Each structure stands twice: as C-alpha cells, then as structure tokens.
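**Q** Shown below is the structure under consideration.
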Amino acid sequence: MPPSDAKSRRTAALATPSDLKSNAIKDIAAALATLLADVFTLYVKTKNFHWHVSGRHFRDYHLMLDEQAAQVFAMTDEIAERARKIGGTTIRSAGHIARLQRLKDNDADYVTPLDMLAELREDNKQLVSYMRATHALCDEHGDIATASLLENWIDETERRVWFLFESTRTGTTGET
C-alpha cells in the first residue's frame, strides 16, 4: 500500500450512521472520552488501594474494593462503545487518559485504610457530578440512549459512595 493511502486511512472521517447532529456527536463523544479517562483513573486507584490496604478490617476492605473495581472497570467498555456507536472516537492510550483525567492519582507509598476509603468516596462523588453534567449535555442534544446509560452508572456510583461512607463511620462504641 502506498504511504499516501495509509495516511489517508489514518485520517479518514468516520461514517457511523447516527441521527444526532455532528456537533452533538462531537460534544457527547468528547464528554464520554473525558468521563472514560476518569473511570480508568478511578479503576486504577481502587485496585491500588485494594492491593495495598492493611489492618484489622483488611478482608472486608480488600473484598469491597475488589468488587468496586470490577464494577468500575465494567463501565469502561460501555462508555467507549457508546462514543463509537454515535460516530465519535474515544481514548487511545494511557497518555490520552493522563491528558483528559480530572480525578487525581494517588502514588503515595502508604495511605491509611480509612484515608483510602475516604479518598475513593470523594472521587466517586466527583464522578457522579461529572456523569450528571454529561447527562445534561445528552439531554440538551436529545441523546436519550447515552442519558439512560448514565442514569444506571450514576446509581451504581452512588451505591459505591454509600458503601464507602458507611465503612468509614464511627459506631456508637467508637469503633471505626
């Protein structure tokens, strides 16, 4: 294949059929790519804390974080495929994720278990706000299918916030 053919294929526009207007596709796909970067960031952080949690509640926290990480990871393919279904593109590399992510990494050598859970709770709360903003964008453009997916992800994320919150509450006996 001549080099000019290869270059034109790399830059060829997508022709995915959609009844959404081109500006809607561009806006929604960009919002989904950014959301996907945040979801990958949350996944890696949740696995990081799953791998490094310690202490007297190790088993409970370790299992909860593994369950939550699996739930977060399950969103990644759906987000990326939704962007492609409407005719957009999505993230392409770890570098692309790093450029788009709004949630912060945690590379600390040691984080206490309660600080891990509190940080994940806040990240999940922030993710809910990003999803609500993306939902509003979808409503603005009449994309009910993406909005519907977001509603389910918001519910799942709120559940993670709830579990993380309850896991860090101090009981009446003073136990944490």
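Bear in mind that the values in this text are calculations on the coordinates, not laboratory data. On a predicted model such as this, the values are computed, not experimentally measured, just so you know. All Cβ positions, glycine included, derive from the backbone under ideal geometry; neighbour counts span all protein chains shown.
**Q** What's the exposure ranking of Leu35, Leu103, Leu120, going from fewest to most Cβ atoms within 10 Å?
**A** The fewest-first ordering by Cβ neighbours comes to Leu103, Leu35, Leu120.
**Q** Among the listed pairs Lys47/Lys104; Lys104/Lys125; Lys45/Lys85, which have their C-alpha atoms separated by more than 21 angstrom in this model?
**A** Lys45/Lys85
**Q** Just flag the chymotrypsin sites (Phe, Trp or Tyr not before Pro) in segment 92-176 sitting in loop per DSSP whose Cβ has no more than 10 other Cβ atoms within 10 Å.
**A** When the chymotrypsin sites (Phe, Trp or Tyr not before Pro) of segment 92-176 are filtered for loop state and at most 10 Cβ neighbours within 10 Å, Tyr110 remain.
**Q** While we're looking at this one, here's another question. Given charges of +1 on the Cβ of Lys and Arg and -1 on the Cβ of Asp and Glu, with all other atoms neutral, how large is the dipole of the chain about its Cα centre, in debye to the nearest 20?
**A** Rounded to the nearest 20 debye, it is 660 debye.
**Q** List the trypsin sites (Lys or Arg not before Pro) within segment 69-176 that fall in a DSSP loop (any state other than H, G, I, E or B) and whose Cβ has at most 10 other Cβ atoms within 10 Å.
**A** Arg92, Arg169
**Q** Compute the angle between helix 58-85 and the longest alpha-carbon principal axis of the chain, please, reported from 0 to 90 degrees and rounded to the nearest 10.
**A** Roughly 10 degrees between the two axes.
**Q** Here's another thing I want to ask about it. Would you mind telling me which residue in Thr134, Thr112, Thr157 has the biggest mean-square fluctuation in a Gaussian network model of the chain, where springs connect alpha carbons within a distance under 10 angstrom?
**A** Greatest mean-square fluctuation among the candidates belongs to Thr112.
**Q** OK, next. As a test of the definition: which semi-axes, in Å, follow for the chain when you take the square root of five times each eigenvalue of its alpha carbon gyration tensor? Largest first, please.
**A** In descending order the semi-axes read 36, 19, 11 Å.
**Q** Turning to a different aspect of this structure: Might you report the magnitude of the Cβ-based charge dipole of segment 37-133 about its Cα centre, with Lys and Arg at +1 and Asp and Glu at -1, to the nearest 20 debye?
**A** 380
**Q** Further question: So what are the ³J(HN,Hα) numbers for segment 39-47, from phi and the Karplus equation (6.51, -1.76, 1.60; θ = phi - 60°), rounded to whole Hz, Gly and Pro as x?
**A** 5, 4, 4, 5, 4, 5, 5, 5, 5
**Q** Further question on the same structure: Quick one: what are the phi-derived ³J(HN,Hα) couplings along segment 153-164, Karplus 6.51/-1.76/1.60 with θ = phi - 60°, whole Hz, x for glycine and proline?
**A** Karplus-based 3J(HN,Hα) across segment 153-164 equals 5, 4, 4, 4, 5, 4, 5, 4, 4, 4, 4, 5 Hz.
**Q** Sort Thr146, Thr170, Thr90 so that the residue with the fewest other Cβ atoms within 10 Å of its own Cβ comes first and the one with the most comes last.
**A** Least to most surrounded, the residues fall as Thr170, Thr90, Thr146.
**Q** Work out the charge dipole of the chain with +1 on the Cβ of Lys and Arg and -1 on the Cβ of Asp and Glu about the Cα centre, then indicate which of His96, Ala74, Pro113 is farthest towards its positive end.
**A** His96
**Q** Going by how many other Cβ atoms sit within 10 Å of their own, how do Lys21, Lys45, Lys26 line up, fewest first?
**A** Ordered from fewest to most neighbouring Cβ atoms within 10 Å, Lys21, Lys45, Lys26 come out as Lys21, Lys26, Lys45.
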